[in-house]
Amino acid sequence: MSQQRTLRLSPQQHTNAVYVLGTELSIDICGSAPKDAVSFDVSGTPDVDVYIVHNPQVAKVRISYYGQDGGTPIHRSVLYLTCVDISLDADTTRSGVVKRQTTDKKEWTWGPDGHGAVLLVNCDRDDPKSSDMDNMDFCVRSYADLRDMSCMILRTQGPDAIFNDHKLVLHISVSDADKVGVFHARGDDTHYQYEHVLGSHELSYVVEHPSGQEEHTFYVEGLAFPDADFLGLVSFHVTLLDSPTESLPETPIFTDTVVFRVAPWIMTPNTQRPLEVFVCSLSDNTDFVEALSELARKAKCKLTICPEVENRRDRWIQDEMELGYVQAPHKTFPVVFDSPRDGELQDFPFKTVLGPDFGYVTREPFNEIVSSLDSFGNLEVSPPVTVGGKAYPLGRILIGSSFPRVGGRRMTKAVRDFLCAQKVQAPVELYVDWLCVGHVDEFLSFVPALGRQGFRLLLASPRACYQLFKVKQEEGYGEARLFEELETVSTTTIDEILANETLRRDNDYVQSCIDWNRDVLKRELGLSEKDIVDLPQLFTVIHKEASAFFPDMVNMIVLGKHLGIPKPFGPIIEGQCCLEETVRSLLEPLGLTCTFIDDFFSYHALLGEVHCGTNVRRKPFSFKWWNMIP
C-alpha cells in the first residue's frame, strides 16, 4: 500500500503543495466547501489517472462546488502540486547491486524468494597501524575498509527550488544508533571524502541538495552482532520536511524506509574444505608440530604456528577460539570468536588473528562463573542436515551442558545467547558434565564420507572397545599390552582390562552418558544408526568425572579426507596396533586416510588430544544464509 497524506484546501486562495511520486494525496473536500454547496466535481490536468496527474514539474487539481440547481459552480478551489521523487535504496534483492525499489523495503524476509538488505559487522582491521577493529572509530581508513560496508543510495528528483524550502533528513531510531555507523560519500569522481553522519550519538543528518545532484551515496557498517537484546534488524529512514517559516518547526511530508539485517556469525563443520591450520609451538611438542605440518601439507592447507612467546605455554588453541565467517552479497570474510576462557592464549585472537579481512568477536559473561564448558572444544557444528522435513542447510551448533543432572556446569548465558541469536544454526545442547574437562569434542566428531548424507558422526564407544578386546582375547591375544611402545608408562594387558570390574563399571556409566547423547543427536540431526560410526575407546572415572584411558581417537583433526588421529598405543597384534587397525577398517572404506599422531605426553597426559591442540579455518558454505528459513 502506498504512503498516504491528507491536504486541506483554502476556499480563499489556491493551495500549493509538494507531491512525492508514488504516494497518495487525500484532499479534504468538505473542509473548504462554501456554506451553500451541495455537490462538487473534480478535474485535473490532462492524462490524469482518476483525478490527479503529474507532469515532470507541475500538476493541478481543480474542485468545483455547486448549489441546488447544479448549474454554474458557486466556488472553485485549486491545488497546485510540485512533484518530486524521493527513494532510499539498498541491495534489497541481495544481488550485490543497489537497484531502485518502490516496494518491500520496509520488510525483511528469509528464503530464496525473500528480500531485504544485508549488513556486515565491520569487525576486521584493514589498517595495520590501527590498534582496534575498523568499526571502533568514526572514519574510513581505506578502500578496503569501505568494501566491508553496505551501500545505500538516496535518489531525488524535482525542482532545485523545492529543496531550498524543504529539508531532506536521514535518520535512525535511538535503539539502532549503537548498532550501525553511516558515512556520506562527498566529492567528485577524482576525490571522495567520507563523513560520519549517523550512529553513536548521531540520530539524524540533514542531506544538503546541491543543484543538479540527484544521488547521494552512503556506506553503512555494522557495529553489533545479533544477540539476546538485538534481533539484528536495523531501519533507516529519509524524511522530507516542510519548513514554513523560521519561527515554526518543520512538518513531515514523506518518509521512505529501508531495512537491513546484520549478517550472523556462522560456524563451519568438518565437512567444509580446510584452508588454514593453527597450532601452538612449545618446547615439548616439536614432534607433534612436525607431524601436523606434514598432514597439512598433504591436505594442501596453510599452517600457522603460534610461537611460545605468544602462547605463553598455553597449547589449547581449540579452546581459546572458534573460526567462522560473515557473509553479505558483496563480501565474505572469516571472523574469529574469542572464548571467555582467557588462558595464556587470550591475546592471540585479537592481537594476531584479527587483521585485514579477518574479523573478531567475543562475549564477556556478566556476573557468571566461567567454567571449562566455556572453552570452545565444547563448541562444534554438524554438517547440513534435514530433520523431519525441516532443513538446516548450515548445520546445527552443538554445545555441552549439564542436563539432565541438576546443579552442574553450563556454558555461560552470554555465549549461549549469542549463538542462539544468530538463528541460522539452531543450537543443540548435549550432556557433557560427566566428563572431567566437559567438552563435546571428547566423544564426538564428524567426517566427510561417500554416500548417504555426505558425512558420518563418529562417537567414542566403550562398548565397541570391550567387544574388540573380547574378540582379541578369544583369538589368543589376551597378553597383548597397551602402552608397550611407551617406555615410562605402565602397561596393561587385554586380560587385565577385561578382568577389571571397576574399569568395566566406569565404562558402563560412560557408555550410558554417550548413549543419551546418541539419542539426542539422532533426534535433533535426523540421523539413523547407519550414519553413526562407533570408535573403540575406554575412559577412567575419578571423582565422578571421566577422562580418556588411552588417547581419545575421536578427538581428531579433519582436513578433507586426511584425518589426524591421536595414536592410541593399543595392543600390538601381529605387528599392528589393533585399535589403529580397527579404526582404519571403519574409516578408510569411507574414502578417508588415517594418520595416527603421537600426542601422548604433549596433550593426552594433560587431558587433551589432537583436536584440542589445533584449530582450522574452513571454506564458507556455498549456500547463502539468507536463502534459508530459520
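Expected output is a single nm value to one decimal: the length gained when fully extending between Asn500 and Ser247, i.e. 0.36 nm times separation in residues minus the C-alpha distance. What is it?
Values: separation 253, 0.36 × 253 = 91.08 nm, distance 9.32 nm.
Contour length minus the Cα-Cα distance gives 81.8 nm.
Rounded to the nearest 5, what % of DSSP beta bridges with both residues in the chain are antiparallel?
70
Neighbouring Cβ atoms within 10 Å as the yardstick, rank Val259, Val61 fewest first.
Working: Val259 19, Val61 24.
Ordered from fewest to most neighbouring Cβ atoms within 10 Å, Val259, Val61 come out as Val259, Val61.
Kirkwood-based Rg over Rh for the stretch 305-348 (C-alpha set), two decimals?
My calculation puts Rg/Rh at 1.11.
What FRET efficiency comes out for Ile573 versus Val520 if R0 is 45 angstrom and r is the Cβ-Cβ distance? Round to the nearest 0.05.
For R0 = 45 Å, the calculated efficiency reads 0.80.
Rounded to the nearest 500 deg cm²/dmol, what is the calculated helix-only ellipticity per residue at 222 nm for the chain, with -39500 (n - 2.57) per DSSP H run of length n ≥ 4?
Helix contribution divided over all residues of the chain: -4000 deg cm²/dmol.
In whole Å, what is the distance between the alpha-carbon centres of the stretch 71-116 and the stretch 289-305?
Using only Cα atoms to place each centre, the spacing works out to 55 Å.
Using alpha carbons only, how many angstrom separate the centre of the stretch 419-433 from the centre of the stretch 465-490?
39
Which net charge results when you count Lys and Arg as +1 and Asp and Glu as -1 among the other residues whose beta-carbon is under 9 Å from that of Asp227?
Spelling it out: positives minus negatives among the neighbours equals -1.
Report the paramagnetic label zone for Phe138: residues of the stretch 165-205 whose backbone N is under 15 Å from a point 7 Å from Cα along the Cα-to-Cβ axis.
177-184, 194-205
Over 26 Å between C-alpha atoms is what I'm after, so list which of Lys351/Lys624; Lys179/Lys423; Lys300/Lys522 land there.
Lys351/Lys624; Lys300/Lys522
Give me Phe358, Phe260, Phe483 ranked fewest to most by other Cβ atoms within 10 Å of their Cβ, as a rough exposure proxy.
Final ranking by Cβ density, sparse to dense: Phe483, Phe358, Phe260.
Using the Cα gyration tensor of the stretch 91-262, with a ≥ b ≥ c the square roots of its eigenvalues, what is the shape: rounded (a/c below 1.5), prolate (a/b larger than b/c) or oblate (neither)?
Note, shape of the stretch 91-262 comes out prolate.
So what J values fall out for the stretch 120-126 if you push phi through Karplus, 6.51 cos²θ - 1.76 cosθ + 1.60 with θ = phi - 60°, rounded to Hz, Gly and Pro as x?
8, 6, 7, 9, 9, 9, 6
If you consider only alpha-carbon coordinates, what radius of gyration and Dmax does the stretch 248-294 have, in Å?
Spelled out, the Cα radius of gyration and Dmax of the stretch 248-294 are 26.4, 79 Å.
Which residues in the stretch 152-180 have a backbone N closer than 17 Å to a point placed 7 Å from the Cα of Leu203 along the Cα-to-Cβ line?
169-180
Along the Cα-to-Cβ line of Phe230, 7 Å from the Cα, sits a label point; which residues in the stretch 406-450 have backbone N less than 19 Å from it?
413-425
What is the local net charge at Glu485, summed over the other residues whose Cβ is closer than 11 Å to its Cβ (Lys, Arg +1; Asp, Glu -1)?
Working: positive: Arg481, Lys567; negative: Glu484, Glu487, Asp598.
Net charge in that neighbourhood comes out at -1.
Once you have the Cα-Cα distance between Glu475 and Thr304, take 0.36 nm times their residue separation minus that, and quote the gain in nm to one decimal.
Difference between extended and current length: 57.0 nm.
Taking every Cα atom in the stretch 110-205, find the radius of gyration and the maximum pairwise distance Dmax, and write them in Å.
15.9, 47
Given N residues in the chain, what is Rg(Cα) / (2.2 N^0.38 Å)?
It is 1.30.
For the stretch 155-169 and the stretch 499-572, what is the separation of their Cα centres, given in Å?
Cα centres, the stretch 155-169 to the stretch 499-572: 70 Å.
Only sites in a loop by DSSP and with at most 11 other Cβ atoms within 10 Å count here; which trypsin sites (Lys or Arg not before Pro) in the stretch 491-576 make the cut?
Lys544
Apply the a/c threshold of 1.5 to the C-alpha gyration tensor of the stretch 89-143 and tell me whether it is rounded, prolate or oblate. Mind showing how you got there, number by number?
Details: a/c = 3.23, a/b = 2.64, b/c = 1.23.
It comes out prolate by the Cα gyration axes.
In debye, nearest 20, what is the charge dipole magnitude of the stretch 266-627 about its Cα centre with +1 on Lys and Arg Cβ and -1 on Asp and Glu Cβ, if you could check?
Using Cβ point charges on Lys, Arg, Asp and Glu, the stretch 266-627 gives about 1900 debye.
Please report, in whole Å, how far the alpha carbons of the stretch 266-627 spread along each principal axis, starting with the longest.
64, 48, 43
Grab the other residues whose beta carbon is less than 14 angstrom from that of Ser131, score K and R as +1, D and E as -1, and report the net.
Result for the local shell: -3.
Using the Kirkwood radius over Cα pairs, work out the Stokes-Einstein diffusion coefficient for the stretch 557-630 at 4 °C and 1.567 mPa s, in µm²/s as a whole number.
Roughly 88 µm²/s, to the nearest whole number.
For the pair Tyr509 and Arg313, what calculated FRET efficiency results from E = 1/(1 + (r/R0)^6), where r is the Cβ-Cβ distance and R0 = 35 Å, to the nearest 0.05?
0.55
What's the FRET efficiency of Ser490 with Val387 using the Cβ-Cβ distance as r and R₀ = 41 Å, to the nearest 0.05? Before the final figure, lay out the partial values.
Values: r = 46 Å, r/R0 = 1.12.
Once rounded, the FRET efficiency stands at 0.35.
Values quoted throughout were computed directly from the atomic coordinates according to the rules given, and no laboratory measurement underlies them. Given the structure is predicted, the values throughout are model-derived calculations rather than measurements. Cβ: placed from backbone, ideal geometry, glycine included. Neighbour counts: every protein chain shown.
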